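J.: Got a structure here, written out as C-alpha cells. Questions coming.
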Amino acid sequence: MTLNIHPAIAELEKQIIAYCRHVHQHPELGFQEVETAKYILEQIKGIDLDIRHPVARTGIVATMRNGKGPCIALRADMDALPMQETGDVSYKSVNDGVMHACGHDGHIAILLGTILALDQLRDQWRGTVKFIFQPAEEGHGGARHMVAEGALKDPDAAAIFGLHVWNYQDFGAIGIKSGPILAAADTFDIAVKGVGGHGAMPQGTVDAVYVAAQLVVSLQSIVSRNLDPLQSGVVSIGQIQGGYNYNIIADEVALKGTARAYREEDRLLIKSRLQGICDGIAATYGAAIELDYRDGYPPTVNDPAMTEVARRAARKVAGDGVGEPYLSMGGEDMTYFLREVPGCFIFLGSARPEHKDEKVPHHCSHFDFDERALAVGASVFLEIVREMLPAGG
Ligand SMILES: [Zn+2]
Ligand SMILES: [Zn+2]
C-alpha cells in the first residue's frame, strides 16, 4: 500500500489528529453541538471565510472564495451518540453517557484540515468552497434542516462531497460507488388489539399474541416473496410486547420494527405490503391491527459523474486502494444534500491493522479507528477541490 498524502496535509497531520481527539473527548448529541461548533469556529477564525452560524441550531456554513469559478460543498457531521464509552484511550469522552462512536469527530477534523490546507494552497485552485458542518446526523436529519435553511444556496453549490470513516474496511482502502450506497431507513409500530379471556377457554377471545405471531412470520414474506430477489431489502421486528400471565389470553400486543431498502420503489413496495399483511391478518383473525409507518432517511444515491470525480481524486491519494465499498443497509442523512445537488459520499477505510480479524464496529462502546485515515480523507477532499475547481479553469 502506497499512500500519497498531499505535503500540505502531511504537514498538518498532527494538528488534524489533535482536532479529532479534542472533539472525541468532548462529544455532544444531535442539535446540542454548541461547544463543538464553538471549537470549530475557534480553529478557523484567522482564515478569510464567510461564516454563517448558527444554521439549523448548531450548524456552520463556512464559505471560502478564491477567484472566479464554480462553487462546491464539502460536508461533515458533528454529533455523537447517547452511549457510555468503555474503551481505554487517553482522549476518552469526559461527557457521561455521550460518545463519538461513529467517527463524526474524524469528519470534523478532516474538514478542518482541508480548510487549513486549501487556504495555504490558494494558487492551486480557483472558485468557491462551502464547508458544511451539520448537526444531528444520528436520527434527527440535521442535513434536512441545513438544506431548508439554505446551506447550499447563496452562493449555490453545484456539487457536494462527503465521507465516512469506515471500520468495515482496512486503513488505506477507499470505497467509492455510483448509485445507491446506503438504504432508506424507516421505522414502524404495529398495535394488535384482540379480545382477552381465560387461557383455558379461547373460544370467544381474539388472542393478540397468536395474531402477533402470525404477523411476525408473514412480514418476512415481503422480502422473500414480493421483492425482486436481485434487489435489497430488510424487514426486522425489534420489539414485541404484550400479555399478562400464564393463563390469560392477551388483548393487546405492540410490535416495533424497521424496514430498509436501497431503492424508493422497493421502499414503497415494503410499505404497502406491510399495510396489506396487517389488514389481511386482521380480517382473518378478527383482530384490529393498526400500522404506524414513519419514513426515515431516503436511500443515499451517488451521482455517476461526481462519483468519477471522487474516484480520480481518491486514486491520486490511495492508488489501487480505491475499490468497491463495504455496503450495508444502514442509513445516512447525507441523502438530503445529495437530493438537492449531484455529489458523492465516500467510504474511508479506517480499521486498524491490529484489529484485522475482529473489526471494531461503528456504534460500539469501544469504537476507535486508525487516525492515519484522517490525513487520507483530507487529501481526498483536497484533490476533489483541485479536480472540480482547477487553477487554470
Ligand atoms: Zn452512526
Ligand atoms: Zn455516522
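J.: Would you check which residues across the range 66-86 are at negative phi, in contact with a helix residue (DSSP H, G or I) (Cβ under 9 Å, 6 or more places away or on another chain) and more than 16 Å from ligand 1 (Cβ to nearest atom) and list them?
T.: Residues satisfying the conditions are ASN66, PRO70, ILE72, ALA73, LEU74.
J.: Follow-up. Which one is nearest to LEU327 (Cα to Cα) among residues in the range 280-314 that are of a type in the set (Phe, Trp, Tyr) and over 19 Å from the mean Cα position of the chain (by Cα)?
T.: Per the stated criteria, the residue is TYR293.
J.: Same structure again: Just the residues that are open to solvent by 10 Å² or more (accessible area, probe 1.4 Å), among the charged types (D, E, K, R) and not in a loop (DSSP other than H, G, I, E, B), please, taken from the range 124-167.
T.: Answer for the range 124-167, where residues must be open to solvent by 10 Å² or more (accessible area, probe 1.4 Å), among the charged types (D, E, K, R) and not in a loop (DSSP other than H, G, I, E, B): just ARG144.
Results for (1) without any contact (Cβ under 8 Å) to a residue 24 or more places away in the chain; (2) more than 16 Å from ligand 2 (Cβ to nearest atom), shown as yes or no for each residue.
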{"site": "ALA148", "(1), (2)": "no, yes"}
{"site": "ASP154", "(1), (2)": "yes, yes"}
{"site": "ASN167", "(1), (2)": "no, no"}
{"site": "THR187", "(1), (2)": "no, yes"}
{"site": "MET201", "(1), (2)": "yes, yes"}
{"site": "ASN226", "(1), (2)": "no, yes"}
{"site": "ILE249", "(1), (2)": "no, yes"}
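J.: Name the one entry in ILE249, ILE270, ILE277, ILE190 that is open to solvent by less than 70 Å² (accessible area, probe 1.4 Å) and within 30 Å of PRO325 (Cβ to Cβ).
T.: ILE270
J.: Restricting to the range 107-123, name every residue that is open to solvent by less than 10 Å² (accessible area, probe 1.4 Å) and either farther than 13 Å from GLU13 by Cβ or at pLDDT below 95 (or both).
T.: HIS107, ILE108, LEU111, ILE115, LEU118 - these are the residues of the range 107-123 that are open to solvent by less than 10 Å² (accessible area, probe 1.4 Å) and either farther than 13 Å from GLU13 by Cβ or at pLDDT below 95 (or both).
J.: Would you be able to say whether some residue in the range 87-106 is in contact with a helix residue (DSSP H, G or I) (Cβ under 7 Å, 6 or more places away or on another chain), within 16 Å of ligand 1 (Cβ to nearest atom) and open to solvent by 20 Å² or more (accessible area, probe 1.4 Å)?
T.: yes
J.: What number of residues within the range 53-71 satisfy the criterion of being crowded, with 22+ Cβ neighbours inside 10 Å and among the hydroxyl-bearing types (Ser, Thr, Tyr)?
T.: Residues that pass the stated criteria total 1.
J.: So, one more: Could you tell me whether the range 313-322 includes any residue that is within 27 Å of GLU11 (Cα to Cα), free of Cβ contacts under 8 Å to residues at least 12 places away in the same chain and surrounded by fewer than 17 Cβ atoms within 10 Å (Cβ to Cβ)?
T.: Yes: one or more hits.
J.: Restricting to the range 145-169, count the residues that are more than 16 Å from ligand 1 (Cβ to nearest atom) and out of contact with any Ser or Thr (no Cβ under 8 Å at 6 or more places or on another chain).
T.: Matching residues across the range 145-169 total 16.
J.: Residue by residue through the range 337-376, note down the ones that are of a type in the set (Val, Ile, Thr) and either modelled with pLDDT under 95 or surrounded by fewer than 24 Cβ atoms within 10 Å (Cβ to Cβ) (or both).
T.: Correct list: VAL341, VAL360.
J.: Based on this model, can you work out whether ARG21 counts as surrounded by fewer than 19 Cβ atoms within 10 Å (Cβ to Cβ) and under 16 Å from GLY103 (Cβ atoms)?
T.: In short, yes.
J.: Right, something else. Here is a list of conditions, (1) of a type outside the set (S, T, N, Q); (2) farther than 30 Å from GLY30 by Cα; (3) open to solvent by less than 50 Å² (accessible area, probe 1.4 Å), and GLY296 meets all of them except one; can you say which number that is?
T.: Among (1) of a type outside the set (S, T, N, Q); (2) farther than 30 Å from GLY30 by Cα; (3) open to solvent by less than 50 Å² (accessible area, probe 1.4 Å), GLY296 violates only (2).
J.: Of the residues MET329, MET306, MET334, which is modelled with pLDDT under 95 and in contact with a strand residue (DSSP E or B) (Cβ under 8 Å, 6 or more places away or on another chain)?
T.: Residue meeting the stated conditions: MET329.
J.: Mind checking whether some residue in the range 99-121 is in a loop (DSSP other than H, G, I, E, B), within 16 Å of ligand 2 (Cβ to nearest atom), on the phi < 0 side of the Ramachandran plot and aliphatic (A, V, I, L, M)?
T.: yes
J.: I would also like to ask the following. If you go through the range 311-341, how many residues are over 28 Å from THR258 (Cβ atoms) and of a type outside the set (A, V, I, L, M, F, W, C)?
T.: 8
J.: To continue, here is another question. Cβ contacts < 8 Å: first residue more than 9 Å from TRP166 (Cα to Cα), restricted to the range 350-362; second residue of a type in the set (A, V, I, L, M) and not in a loop (DSSP other than H, G, I, E, B), any location; separation 6+ or different chain. Result?
T.: LYS359/ALA351; VAL360/ALA351
The values are calculated or read from the model by the stated rules, or taken from the named source; none is laboratory data. Model, not experiment: these values are computed from the prediction. Positions of Cβ are backbone-derived with ideal geometry, glycine not excepted, and every protein chain shown enters the neighbour counts. Ligands, DNA and RNA are excluded from the accessible area calculation, which covers all protein heavy atoms including side chains. Shrake-Rupley method; radii C 1.70, N 1.55, O 1.52, S 1.80 Å.
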